[in-house]
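The values are calculated or read from the model by the stated rules, or taken from the named source; none is laboratory data. Keep in mind it's a predicted model, so treat the numbers as computed, not measured. As a convention, Cβ positions derive from the backbone with ideal geometry for all residues, glycine included, and neighbour counts pool all protein chains shown. These accessible areas exclude ligands, DNA and RNA; they are computed on the full protein's heavy atoms, side chains included. Shrake-Rupley method; radii C 1.70, N 1.55, O 1.52, S 1.80 Å.
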Amino acid sequence: MIAFPQSDLRWAIHSAAALLSFSAVGSPPQRLRRLCINASAGDGRTTPKPSVCTADELHYVPLPNNEWNLALWRYLPSSQRSGRNHPLLLLSGVGTNAIGYDLAPGSSFARHMSGQGFDTWILEVRGAGLSARNSLKDPHQGKFEGISEEQLSSTDEGLRDAAQFSSITSQLGDFCNRLGEIIDESQQPITQFTGLQNRFSITLGDFWKQLHLIGKYNWDFDHYLEEDVPIAMDYIRNQSRPKDGKLLAIGHSMGGILLYAMLSQDGYRGKNTELASVITLGSSLDYTTSRSSLKMLIPFVDPAKAVNLPVVPVGALLAAIYPLASYPPYLLSWLNPQISAQNMMHPELFERLVLKNFCTIPAKLLSQLSTAFGKGGLRNRSGTFFYKDHLHKTNVPVLALAGDKDLICPPEAVYETVKLIPENLATYKVFGEPRGPHYAHYDLVGGRMAYYQVYPRIIEFLSRHDIC
């Protein structure tokens, strides 16, 4: 047996690197599937949305002066619960897509909110989920094509030849090796288990399909804050037409961090906010006072910089090491509670979440988010603006929810931020009981008890502030 979790993780990462390299040899990306959307084209036509999108509508929003097009999943409000005044925007965590909010028909936060009468929108920021790069300049607005093998080999937008493809593979291997060296603090020998590699239920096709875009993954947190979210809000506002021009917003993990940062910026600038109310789920601008396990991501930053790798393939790595956490001999069983507390999710839903919800993360984004563990908390890209310093100037009601067993954003981290908001506007609540149920990081969104305990509290808060 491997004695320490650090050694477990190092072995898993090296194994994942081996699989990445093995899968890449002689395997250039296969033909990409065409991306279809259900949004109005320039001539008023629509096309079917991809099967992975379970929303009522899928909209694409182009970023100005940028080739990325944001994906917006829309859930139309129930006709039986009409009369809401504001649309609802849902923001996801770092390196995740819309699936976390719509995991299955019977486990869908987004569908539940639309069933309560809210015109509900999930934003997939650039690089996440169905967001797309309009690299082929299709003349029909809102219509984007995949890239074929022939185009991949002939265009400057792709990997031009096998040498470039091999270079990326080599960088990934170097990255994993450096990361393993940092994580392995115990100096214990690593035992190889015969046949364990065969248990990796990993599909790397989607990751290899992204390789032609890797060089374009050059954004950070501030790009989301200053470009993606405002553009999406403007689009939703134009579609839903709230009388006062405001939105309701809920953010999970980094999604909540974005909302806090927006409130802080608006306060600093003396700007009238465009949000009627905000709810954060497991979010904080400052993790210095907590024992957050998110610190595990910090070692990813320096190795990525050292090998000049522009991205960290979190989705592929999680898919690779997931079997070690969920199948005998359960080497990485300690990873599961990072996401969900014991017995809070059906095993099939948990597996879908791990294998389908996570994406590739730009190294620049990870680097900026790591400042949340330094003195003063999260900073802008230049290091001159501390986002928590101006939260006390907000005039927006905030409900900050925490999970009692959230190892990523513990209750003390949530409180560290919400305490800065004026007392008459802030509500802080920790879910979980001494004898259970308990709530880990994702359980506030999709845990089996969230429907009965968390959702009613959210709906009550939204309804109270849904006034024009």
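Data table
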quantity: Residue that is touching an Asp or Glu at 6+ places or on another chain (Cβ under 6 Å) and either of a type in the set (D, E, K, R) or open to solvent by less than 10 Å² (accessible area, probe 1.4 Å) (or both), where the choices are Leu353, Leu365, Leu401; calculated: Leu365
quantity: Any pair with Cβ under 7 angstrom, 6 or more apart, that starts in the range 114-134 at a residue that is without any contact (Cβ under 8 Å) to a residue 60 or more places away in the chain and ends at one that is among the polar types (S, T, N, Q) and in a strand (DSSP E or B); calculated: Ser114/Thr120
quantity: Odd one out for His346, checked against (1) more than 25 Å from Asp443 (Cα to Cα); (2) over 19 Å from the mean Cα position of the chain (by Cα); calculated: (1)
quantity: Wholly enclosed helices (runs of 4 or more DSSP H) of the range 271-379 bearing at least 1 residues modelled with pLDDT of 85 or more and touching a Leu at 6+ places or on another chain (Cβ under 8 Å); calculated: 347-356, 363-369
quantity: Residues satisfying the stated conditions in the range 435-445, i.e. at pLDDT 95 or above and farther than 11 Å from Ala341 by Cα; calculated: Val445
quantity: Residue within the range 453-465 that is at pLDDT 95 or above, assigned to a loop (DSSP other than H, G, I, E, B), open to solvent by less than 40 Å² (accessible area, probe 1.4 Å) and in contact with a strand residue (DSSP E or B) (Cβ under 9 Å, 6 or more places away or on another chain) present; calculated: no
quantity: Residues that are closer than 30 Å to His465 by Cβ, touching a Ser or Thr at 6+ places or on another chain (Cβ under 7 Å) and either basic (Lys, Arg) or open to solvent by 30 Å² or more (accessible area, probe 1.4 Å) (or both), drawn from the range 368-388; calculated: Arg379, Lys388
quantity: Members of the range 406-447 found to be within 16 Å of Ile458 (Cα to Cα) and assigned to a loop (DSSP other than H, G, I, E, B), listed by number; calculated: Leu425, Gly432, Tyr439, Tyr442, Gly447
